[in-house]
Each structure stands twice: as structure tokens, then as C-alpha cells.
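The values are calculated or read from the model by the stated rules, or taken from the named source; none is laboratory data. What you are looking at is a predicted structure, and each value in this text was computed from that prediction instead of being measured. Every residue, glycine among them, receives a Cβ derived from its backbone with ideal geometry; neighbour counts consider all protein chains shown.
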Amino acid sequence: MDVEIEPSTLSGVARAPSSKSYTHRAILAAGYAGGALVYDPLVSADTKATMRAVDAFGGDVTIESDHLVVDGFDGRPEIPGDVIDCGNSGTTMRLVTGTAALGDGITVLTGDSSLRSRPHDPLLSAVDDLGGRAESTRNNGQAPLVVKGPISGDTVSMPGDVSSQFVTSLLMAGAVTDEGIEVELETELKSAPYVDITLELLDEFGVEAGKRKDSYHVEGGQFYEPEDGEYHVPGDFSSISYLLSSGAIAAEDGEEVRIEGAYPSAQGDSKIVGVLGRMGADVDWNRDDGILTVTKSDLSGVEVDVGDTPDLLPTIAALGAVADGETRIVNCEHVRYKETDRVSAMAEELANMGAKTEEEADVLTIHGDDSQLTGGVVDGRGDHRIVMALAVAALASDGPTMIAGGEHVDVSFPKFFDVLYDLGATVERQ
């Protein structure tokens with residue numbers, strides 16, 4: 001689907017979609033439990049992949065109007081009767097690799113062409129070290145993956161600069177092993193706030209886990225038991241970043257964009273509030289009520305380290321194309337290993353819109369003073385975050401922007417274009 005966005009002004013109220021990161025973890029945690037109700041989930045292409053995985057391991061997930069009914073496999077996953085297709089969801093594949101390692105048999109995990117290009121070697125090696133067997137069918141660390149258990153727990157070491165999801169996978173599985181699991185990190189952990197999300201959610205499900213200076217650990221023999229048998233998913237700050245940034249560059253004069261459901265949590269991407277503040281945006285966050293308000297502001301370029309917040313790179317890049325001066329996004333090499341190489345994708349597609357960009361291995365620079373966004377035809381690269389970030393830039397362009405692959409917002413924010421339209425944007429789907 002192609003989506004055309006005209007230069008627009010925005011005002012009004014939008015509600016943050018629920019967190020994709022928390023929803024994935026909550027579905028799987030409810031699977032590890034005897035069952036649970038998961039309220040306010042994000043139902044998207046990615047989270048449906050995790051639902052299918054729970055079904056495959058012997059659980060059952062039913063979608064109701066405002067919650068999921070999850071019948072769990074009670075810490076003992078069955079061996080799937082078929083290959084588990086994770087679609088485009090790297091989170092699903094990585095998190096359920098740990099689940100597969102608990103089973104007394106062989107599980108095969110695959111996904112679409114993008115997912116089959118993403119690295120998994122450290123997690124596969126960890127499963128081997130824990131007494132299981134895990135390998136790539138093509139011997140390149142990429143899916144399809146073959147995983148055989150059962151593991152019983154132990155201490156493993158792995159690099160921390162590939163994906164924090166490897167740590168999450170082992171912690172979630174480790175709670176129901178006999179011995180527990182400790183993950184020692186050989187290098188600095190990138191995207192560490194995502195493991196904080198995991199620790200927060202595990203606590204909500206009654207599982208004790210923690211971190212030391214260079215390691216994370218979880219005791220074995222535990223049970224997943226959320227209080228009152230239910231869990232409520234918070235709003236998603238990765239998605240909020242697009243709405244908040246849209247307001248900062250395109251709110252109608254004298255009006256504001258208000259975002260509801262923005263309650264504090266362990267999400268690292270809440271740092272977008274501070275980034276916009278540093279750039280000069282007029283942003284107010286009522287944390288008690290979960291309300292963010294923003295008005296159109298004159299933005300100035302800043303330097304932002306995205307080591308812990310890789311999903312913010314596309315948003316910040318779009319803001320840099322509108323801001324005065326230079327915006328430098330540093331510590332971003334790991335952002336190249338997402339659904340697409342998001343560093344190159346944003347550099348190239350913003351340049352197609354008229355921005356002046358400069359790409360290095362670990363740095364993306366946007367020269368705002370030399371940029372004049374004119375719109376045009378751009379490619380969302382089959383990546384939901386690229387599509388939404390380009391839509392933000394399109395609001396401040398001089399002419400219409402046609403974004404190819406608009407349907408990929410279904411991965412994390414299915415109603416994104418509807419929300420933009422309701423705020424006043426001129427949006428046409430083709």
C-alpha cells in the first residue's frame with residue numbers, strides 16, 4: 001500500500017497504542033504460566049506471531065475486545081507439530097528460542113526474508129552451552145533455526161552488543177529450569193532498558209530476577225503467577241515518539257497535540273521527551289495522569305546517543321531534517337541489524353526528500369541548515385519504523401510525499417495513519 005501525505009497542521013487528542021515490547025513479553029509470560037488475562041494488548045502482526053508461538057507450544061491465545069485470554073503451558077512447552085513462522089518479528093524468534101530450548105525435542109523457527117537475515121549466533125551458542133542444541137540451518141547464525149532441549153540451567157556468557165533480546169529470552173526461560181540461568185556479559189549491553197522492561201514484567205508475574213554489574217540472573221524452579229491472574233500493558237513510547245514529534249513540527253499555531261496513555265515505565269524510548277526538550281520543543285509531561293502535550297516549536301539540532309534506544313533513531317533523524325543546525329545520532333551501528341539497516345534507510349530516504357545527510361559506520365548526521373524537505377517518492381523499506389518516521393518528515397515538507405509500503409505500520413501501530421488523519425493530517429491510501 002502506498003500512502004500519500006500532504007504538508008499538514010495538527011491539533012487534538014490521540015491515545016498512545018499499547019507497548020509492543022510489553023505485549024510480547026506478557027503473552028509469553030502468560031504462556032509460561034498456567035494462564036492469564038492480558039489487558040490492553042497491542043494486537044499487531046508482530047504480537048500475533050508470539051501468540052502463534054504460544055499456541056504451538058501447547059497454550060492457547062484468544063483475542064477478546066480489550067484483552068487476551070491465554071491458557072498457558074505451565075512452564076512445560078510441548079514440541080510443536082509444525083515449523084513456527086515468526087513472520088517479521090525478531091522479538092518473537094529470539095524470545096521463543098529460549099522456550100524451545102526447554103522442550104524435550106526439536107523445534108524449527110523461521111520467518112520472512114528480513115527476519116532470516118538477522119543475527120542470532122550468541123543466543124544459539126548460549127543454548128549449546130546450557131546443554132541444548134541450537135543451530136542455523138545455513139550455518140550463518142540466521143534463521144531458519146533448529147533448537148533442541150531440554151536445558152536445565154547454568155551460567156553462560158555472551159556479548160551484549162548484538163541484541164538485549166538474547167538476555168530476555170534466557171531470563172524468561174531460566175525461571176522454569178531446575179537450576180536457573182545467569183548471563184554474564186562479555187561486552188557492554190546495548191538496548192539495556194529493554195532488559196529492564198523484562199525484569200519489571202517478570203516481577204509483575206511473580207518471578208524474581210535481577211542484575212549485577214556485568215550479569216543478569218534468575219533463579220530456577222519458579223512459577224509465573226500474575227496478581228489476580230491478569231496483567232495490564234502500558235502505552236508504547238516508541239509509537240508515542242512519532243505522535244510527539246509530529247506535534248512538535250506540525251501543530252497548528254496556537255493549538256496543541258495531546259497524547260494520552262503516556263505513563264512512566266521502564267521503557268528507554270521515553271527519552272524522546274528529553275530529546276525533544278533539548279531540541280527546543282515545548283513539551284509538558286503530566287506523569288501522574290499519563291498525558292503529554294506539545295506545541296509547534298523551532299527546533300535546533302543536538303547530539304543523541306542511541307546505544308540504549310535504537311528504535312528512536314528514525315524519529316530523531318526525521319526531526320533533524322526539520323531542525324536548525326546539525327543533528328548527530330551516535331553509537332548507532334547496532335541499529336543496522338533491525339528489520340532493515342535503519343541507519344542507511346533514513347540517510348537515503350531523507351536525502352530523497354531533500355535533506356542533507358551523512359552516514360558513517362556508527363554515526364548518522366543530518367545537516368538541517370542545508371536541508372529543504374520537498375517531499376517526493378520514498379520507500380518505507382518494509383519497516384514500520386521507517387514508514388512512520390518518513391510520515392513525520394512529510395508533514396513538514398513543501399510538497400506531498402508518497403511512502404511505499406505503508407501497510408507495514410501493522411507491525412507495531414496498526415492505526416497510525418488513522419490517528420494522523422484524526423489529528424488533521426491529509427492522508428490518502430492508494
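Taking Gly90 as the residue in question, decide whether it is over 23 Å from the mean Cα position of the chain (by Cα), crowded, with 19+ Cβ neighbours inside 10 Å, modelled with pLDDT of 95 or more and of a type in the set (Gly, Ala, Ser). Against the criterion (over 23 Å from the mean Cα position of the chain (by Cα), crowded, with 19+ Cβ neighbours inside 10 Å, modelled with pLDDT of 95 or more and of a type in the set (Gly, Ala, Ser)), Gly90 does not qualify. The condition (being touching a Phe, Trp or Tyr at 6+ places or on another chain (Cβ under 6 Å), of a type in the set (Asp, Glu) and farther than 25 Å from Thr9 by Cβ) is satisfied by just one residue among Asp289, Asp305, Asp269: Asp269. Scanning the range 341-381 for residues that are surrounded by fewer than 24 Cβ atoms within 10 Å (Cβ to Cβ), assigned to a strand (DSSP E or B) and aliphatic (A, V, I, L, M) turns up Val363, Val377. For the range 185-230, a tally of residues being part of a helix (DSSP H, G or I) and free of Cβ contacts under 8 Å to residues at least 12 places away in the same chain returns 2. Within the range 382-418, being surrounded by fewer than 24 Cβ atoms within 10 Å (Cβ to Cβ), aliphatic (A, V, I, L, M) and over 18 Å from Ser114 (Cβ atoms) holds for Ala396, Met402.
Inclusion of Thr50 among residues that are in a helix (DSSP H, G or I) and among the polar types (S, T, N, Q) is warranted.
Only one entry of Pro41, Pro80 meets the criterion of being free of Cβ contacts under 8 Å to residues at least 40 places away in the same chain, of a type outside the set (Asp, Glu) and touching a strand residue (DSSP E or B) at 6+ places or on another chain (Cβ under 8 Å), and that entry is Pro80. Of everything in the range 98-111 that is in contact with a Gly (Cβ under 9 Å, 6 or more places away or on another chain), under 17 Å from His24 (Cβ atoms) and not polar (S, T, N, Q), the residue that is surrounded by the fewest Cβ atoms within 10 Å (Cβ to Cβ) is Gly111. Among residues of the range 405-430 that are under 17 Å from Ala393 (Cβ atoms), those with a Cβ under 6 angstrom from a residue that is aromatic (Phe, Trp, Tyr) and in a helix (DSSP H, G or I), sequence gap 6+ or separate chain, pair up as Val409/Phe416; Val427/Phe417; Val427/Tyr421.
Scanning the range 382-409 for residues that are small (Gly, Ala, Ser) and either outside any helix (DSSP H, G or I) or under 15 Å from Glu4 (Cβ atoms) (or both) yields Gly382, Ala391, Ala393, Ala394, Ala396, Ser397, Gly399, Ala404, Gly405, Gly406. Within the range 115-149, being farther than 22 Å from His334 by Cβ and outside any loop (DSSP other than H, G, I, E, B) holds for Asp128, Asp129, Arg133, Glu135, Val146, Val147, Lys148. Does any residue of the range 230-252 turn out to be over 30 Å from Ile5 (Cβ atoms) and surrounded by 17 or more Cβ atoms within 10 Å (Cβ to Cβ)? The answer is yes, given that some residue of the range 230-252 is over 30 Å from Ile5 (Cβ atoms) and surrounded by 17 or more Cβ atoms within 10 Å (Cβ to Cβ). Does at least one position in the range 307-327 carry a residue that is assigned by TED's automatic domain parsing to the domain that holds Gln267, surrounded by fewer than 18 Cβ atoms within 10 Å (Cβ to Cβ), at positive phi and in contact with a strand residue (DSSP E or B) (Cβ under 9 Å, 6 or more places away or on another chain)? Checked the range 307-327: at least one residue is assigned by TED's automatic domain parsing to the domain that holds Gln267, surrounded by fewer than 18 Cβ atoms within 10 Å (Cβ to Cβ), at positive phi and in contact with a strand residue (DSSP E or B) (Cβ under 9 Å, 6 or more places away or on another chain).
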